Structure formats: structure tokens, C-alpha cells
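Comments concern the structure below.
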Amino acid sequence: MTLHPPGRLLRLLATPVFSLLFLLCAAGDPESVTGPVLEMLPMLPNGSFDSAGDDGGVSRPTHWHVEGAGEWAADPETLLHGTASLRLSGTETVTVLSDKLPLDEDLKTVTAVAMGRGPGLGAALRWLSRDGAVLREDSFRAFPPAEPEGWTRFSLSEKTPPEGARRLVAVLSGTPSGTEPCWWDAAEITGEAHRVPTVQILHNQAGYETFAPKHFLVSANFAASDGRFALLSDDGRTLVEAPLGAGERVIGAENADWGRHYYRGDFSDHDIPGRCRIHVTLGGLEAETELFPLDFDQLWNSLADPAVNGLMSFHAPAGNARLWNDPGKGPVSDAELFLALVEAWDGVRWRVQGGFGGAALDGAVRGLLPAVVARLAAADWNTADAGEMAAWAMAMAFAARCLPAEENVLDMAERLTRHLGDHGTDGARAFSAAAALHETTREAAWLDLTRQWYPGPVAEAQTALMWYGSETDPRIITELGTALEEIGDTLLLRAKNPFGVYSTHGAVENTFFLADADADGVFPGNTHRVLLAAETMARIYRMVAKPEYLAFIHDQLNWVLGCNPLGLCLVEGAGTRPAPLVLMPEGRERDTLAGLVLNGYGPRGPGDDRPWLPAGSEDLPEPALNAFSLRNSARLIGALSHLKRIRTVIPGAAPHVPASAGKP
């Protein structure tokens, strides 16, 4: 008997090409035509039971759990395929359930199969409503083996989901005899979806920058090889015409297929400012975006000030226990937020002083400094978290370097840094604080501390290491560049997908959404990780200017600005297609949230590494996905500022840097 391996994806075009209609897709929305596309969807993760994790000393298959009580485990000895099976032991009936599997809205029927061996076997599919109520349970039909010791095939063919079904659970049971266990292996659930052929352009809705990479994607639920695009001016002139890249699928952890074909377009060579739109033809369908700007420093000029203003709109009034009232779950510390702002400000002060943007950032840091000094002066440092104290010290030392005439800022930076030394706190941030103080005061004592606290070539201390290497040994800068390049190349390896978006290294394999679960087991949206990756690569690009690093940075920004699976702009007020569902911060209206950043896409279900963001009329917003968090804002500000700290000639401006701008 031949069993198809789990995860195999079949798709067929059910109608001939001539049945497709040639229709225009306006404003980037999906285009619909007559004639369904039949697609077979693998739905059951780890139906092979090969993936297992330790549970109190017992190896158990992942994505499965026991209903009630019973002995169950992964068995690497008795199996049908792969490296393990599911074994049920003891003397009582044991029932094991799969994760709750989300149902595709276009799902028509479900077919399932599982192979079992042992006494008292049973298999079923359990259909659940949105609130978890059982709507129906369909039992598999058993086909006994030819030999008594063989495996029994259980199957269920083309079952239509009941009305209101939103989730599906596989149910496998057995009644071991004590001496004879039960085994299950090679379980599969395959859904049949009938889809209307659609094409959608996914692009950066905030616009693109001249002299920078300019990518977009075309998302379709069918394969085609004739894709082309044209970049059009606002008066309809063709500026660029080129073929689309070959269609690719995105496969997440454990073979989670995102269910679409993605075709990449590139107009990076076009650097003439203006307002443009993208027109696409693919498989007889057409789609077109709305107009978007193309200009020098477009992202910096359109996003930096709103992001800062959005963050500062949650600045707490005097007397509050915190500097910010973060609307996000698990708010980031005041020290981390302030350090992010100061580091960003330090890098782009040449722009502020030259009139090239960043006024909101400059005003925010200057405005916060008196409150920060007052809070730190009143705080009990001996009971404070050591990591937060290091963040405060680094932030204040960088601020003192930028504002050497502000004696209270310098005094606070020196006191904080001495406190770190007195309490044995070192590391990249302590080193950075001492290095900044040496840059400001030129006192030998601070240089001695940098020697004592030297952290090695780490990205977090990049700016301070460049100062320190220039002062002591230039080889330090060379070593730093080598270390940063290794990190940059690793980031690139984790972004090999049509979106170019960063995927996190999980316990076994890379994952887009199944990382960093909170204490309740809830996975946050991936916006913060994506922007952190962009910020990290922007730091690296400052020293190692590989073109592919710059493309990586822009691909991450593209993701949050509209080049994502639903084509939604996750930065409030920055795009033409905002997320339909957001959780409003208390006491705020949506038109006051410009510049804030949604948590964004998470997993579609437990163990399901497909993108999910509640956006439909029947969906309920989720705090982990549909809420805003100030840490996202901080990462966006950081990514933009680290990218734009590299000094360039601004079109229309004199090619020099003001003498008062200070060192980079």
C-alpha cells in the first residue's frame, strides 16, 4: 500500500483558460472572474507523529493532546512510515485530539485517512463552531488488513462542513489490553477548496524611495508564466515595463503552505520622482494599484515624524508611575523606549540641524530629558533592575554627548555609569555609556572603564565600538565589521521567500509566526520581529554596505507598509488600505492614532505557520494581533533612523554637513 506523504499540495485548474474574464482590479483589491480553481489543502500538522517534544520525561507528538487521561507517547520502534508513530498504552480507552484546525472560507469538502493497529480503534472528525461547541462528529470507516497483525486503514471521504463550522479536530482512540498497545500513524486530512481566480498587487502603500530597492508582489491563487507589469506615471505614461518573476509558494514551519502563488516585481532602476501606479497582467487577469509617491527620502519624510508623534501621544502626565501609558500588552520599559529614541536621535542630528527631517524626534528627546532626569534623581537605584539601569546610563550618556552644555544631563549620565561600575554591571550598554562619556569629557577614567568593560564585536555597542576603535586600535573596527557581516548574512538566509520577510529561527526550523509565545501561550504578531530585523540590518549596513542588505531593510519595511498577505498597511495613517479591525486604546478615536503600528500577523491556528490577521466582518479582533504597541513604534523609528544616519547629499541642498552636527 502506498500512502501519500503529509503536506503534499495538489492544485488543478477546473476550467479552461477561455472562461476567464478580462477585468480590472481597482485600488489593489483582488480581481474576481468566473470559473473556480480547485485546490487540495493539507490541513493536519504532524499527522506522521514524527515531530515530538519532551513532556515531563515522556516524548509526545507535537500538535496533539490527550482528552481526559491516558498513557500516550511517540513510539520510534513500531511504525508504518517516517520515524515514529503514536502509541496508546494501559488498560482503559485513550483518546487523543489534534490541534483545532482552522477552516478555509472556501472549503467545500474534507477527506481524511489514518492507519491504526491494535484493539478497540476508532477515528473521527469533530466539527466546532466559533465558540468551540461541537456541531457534528463524523466517524471514519475501517478497512481491516489482509493479515491479523497488519494496519487497519480508516478513511472518511468528502464530508461537507456543517453550517457554522470554524474549526476541525481529528480524534484518534484505542482501547489497549494492557499487554497490547494501540498505534496510529500516517494520518492525513485534505480539504478541497473551490476558489474564484484572483490577482492582487501587494506593495508599499507609503511609497518608494529613489536610489533604493523597489519591490512588490503579485498574489494569485493560480499558476501562470506570462506575468508582466508596467510602472505608470500619474498621467498614464509607461515608465517601466518588465516581466514578473516566476511564481513561488511560501512554506512555513512544518510544511505550512500559505496557499497562494507570489510573483515578484522590481523597478529599482527607476529613480525619477513622481506619483506612480503599478499595472499587472497575469493569466488573462489585470490588476492596478492606486497612485503612490516615489521620491528621495520618501519613507523618512512620511513616516518618521508621525511615528514619533504617535508614540509621544501616549506620554504620561506628570505624577504618573511611568513615562508612557503603553496601549500594548506587556508594555516595554520606559528605559528601553527612551534609549531607542535617544539612539535614533543621535544618529540623525545632522539631518535635524540641516533641515532634512527629524524635527519631531529632536523635540521629543529634548522635551523628555527634564522629566527623565527628575525621575532618575528620585528613584531608588539599589532596588532597580540592573538591565534597566544600564539602558538609562547609555541613553543619558548619548544625550550628554549631543548636549554637552546641559550639565544636569551630563551629571546624571556620569552618576548612572559610576553606579554600574560600583554594582558590577558591565556589558554592551555599560561599555557604550562609558565610551560616550569619554567622547564628551575626554577624561581618561572613562576610557579606562571602556577597556574594562569591552564586550567584543557586538552589534548593540556598534557606535561605541567605532569610537573606541578609533581611539585605541583600528583592528577593533575591522573585527566589528566582520562580526556584523556574519549577522547580516544570517538574516538574509532567514528571508529566502518571495516577500523577503524575516523568519525567526525556532526550536527545529525557521518559523514566521510560531515564536515568542507569552505566558498564556499566545503568539504575538510578527511586526516587532520584522522591524527589529530591519533595524539590526540598518545598523549593519552602516558598516557593510552590501546591496542585498539594503534590499532586506526595504523588504521588511514593505511588509508593514502593505506588501503582506492581505495587502494591509499596518502603520496607521500611512497607507490607502488600513487594517479594518483594530483594538482601540482606551479613550482614543482612530483618527488620533497616526503613526502607531499594529502587532500584525500571527499564526492561523495552533502549530499552523500560515498568516492570520482578523480582518473580516465576522472576525473578532485579537489583542496579540489587532492592537498597537509602543515597542513597534520604537523599532520603526529605529529602523528609519539607523538607515538614514548615513550621510548623503540631499537633492537641492548644499553637499556639506553643518559643523555643529557632531560625530556620527
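For the chain, list the DSSP H helices whose alpha carbon atoms reach 18 Å or more along the long axis and whose average Kyte-Doolittle value is -0.5 or above?
Those that pass (Cα extent of 18 Å or more, hydropathy at least -0.5) are 298-312, 334-354, 359-378, 386-402, 428-441, 475-493, 527-543, 547-560, 630-644.
Would you work out which of Gly90, Leu447, Pro578 lies farthest towards the positive end of the dipole of the chain, given +1 charges on the beta-carbon of Lys and Arg and -1 on that of Asp and Glu, about the Cα centre?
Of the candidates, Pro578 comes out farthest on the positive side.
Once you've got the Cα coordinates, tell me which of Lys100/Lys496; Lys214/Lys644; Lys496/Lys546; Lys496/Lys644; Lys214/Lys546 are over 21 Å apart.
Beyond 21 Å: Lys100/Lys496; Lys496/Lys644.
Using 0.36 nm times the number of residues separating Thr648 and Glu479, minus their current alpha carbon distance, what extension gain do you get?
58.3 nm
Mind checking the stretch 556-592 for GluC sites (Glu not before Pro) that DSSP puts in a loop (not H, G, I, E or B) and that have at most 16 other Cβ atoms within 10 Å?
Answer by residue number: Glu586, Glu589.
Please compute the per residue accessible area over the chain with all protein chains in place, 1.4 Å probe, rounded to a whole number of Å².
Accessible area per residue: 41 Å².
Given the C-alpha centroids of the stretch 551-584 and the stretch 263-324, what is the distance between them in whole angstrom?
The two parts, judged by their Cα centres, are 8 Å apart.
Which of the peptides 105-111, 303-309, 135-141 is most tightly packed, and how do the rest follow, judged by the mean count of other Cβ atoms within 10 Å per residue?
303-309, 105-111, 135-141
Ignoring any ligand, DNA or RNA, what whole percent of the accessible area of the stretch 467-621 comes from carbon and sulfur when the probe is 1.4 angstrom?
Result for the stretch 467-621: 54 percent of the exposed heavy-atom area is carbon or sulfur.
Among 353-362, 62-71, 554-563, how do they line up by average Cβ neighbours within 10 Å per residue, starting with the highest?
Order by mean packing, descending: 554-563, 353-362, 62-71.
Before rounding to the nearest 500, sum -39500 (n - 2.57) across all DSSP H runs of length at least 4 in the chain and divide by the residue total; then give [θ] at 222 nm in deg cm²/dmol.
-9500 deg cm²/dmol
Kindly rank 386-395, 542-551, 323-332 from highest to lowest mean number of other beta carbons found within 10 Å of each residue.
386-395, 323-332, 542-551
Full-extension gain between His505 and Glu67, please, as 0.36 nm times their residue separation minus the C-alpha to C-alpha distance.
Computed gain between His505 and Glu67 is 154.6 nm.
What is the stretch 311-411 by shape, rounded, prolate or oblate, if you read a ≥ b ≥ c off the alpha carbon gyration tensor as root eigenvalues and call it rounded for a/c under 1.5, prolate for a/b larger than b/c, and oblate otherwise?
Cα axes put the stretch 311-411 in the oblate bin.
Determine, from the Cβ-Cβ distance of Glu105 and Arg577 and an R0 of 22 Å, the FRET efficiency 1/(1 + (r/R0)^6), rounded to the nearest 0.05.
0.70
DSSP beta bridges in the chain, what fraction antiparallel, as a percent rounded to 5?
95 percent
Could you please state how large a percent of the accessible area of the stretch 199-294 is carbon and sulfur, counting protein chains only and using a 1.4 Å probe?
Result for the stretch 199-294: 48 percent of the exposed heavy-atom area is carbon or sulfur.
Determine the share of the stretch 37-195's accessible area contributed by carbon and sulfur atoms, expressed in whole percent, with a 1.4 angstrom probe.
47 percent
Magnitude of the Cβ-charge dipole of the stretch 195-262, K/R +1 and D/E -1, about the Cα centre, nearest 20 debye?
Using Cβ point charges on Lys, Arg, Asp and Glu, the stretch 195-262 gives about 120 debye.
Put a dot 7 Å past each Cα toward the Cβ at Thr383 and Gln353; how far apart are the dots in nm?
4.2 nm
Pull out a ≥ b ≥ c, the square roots of the eigenvalues of the alpha-carbon gyration tensor of the stretch 199-294, then state rounded if a/c is under 1.5, prolate if not and a/b is larger than b/c, and oblate in the remaining case.
prolate
How high is the relative contact order of the chain, in percent, counting Cα pairs under 8 Å that sit 6 or more residues apart?
Normalised by residue count, the contact order of the chain is 13 percent.
The values are calculated or read from the model by the stated rules, or taken from the named source; none is laboratory data. These figures come from a predicted structure and were not determined experimentally. So basically every Cβ, Gly included, is an ideal-geometry build from the backbone, and we count neighbours across all protein chains shown. Surface accessibility is based on the protein's heavy atoms, side chains included, excluding ligands, DNA and RNA. Shrake-Rupley method; radii C 1.70, N 1.55, O 1.52, S 1.80 Å.
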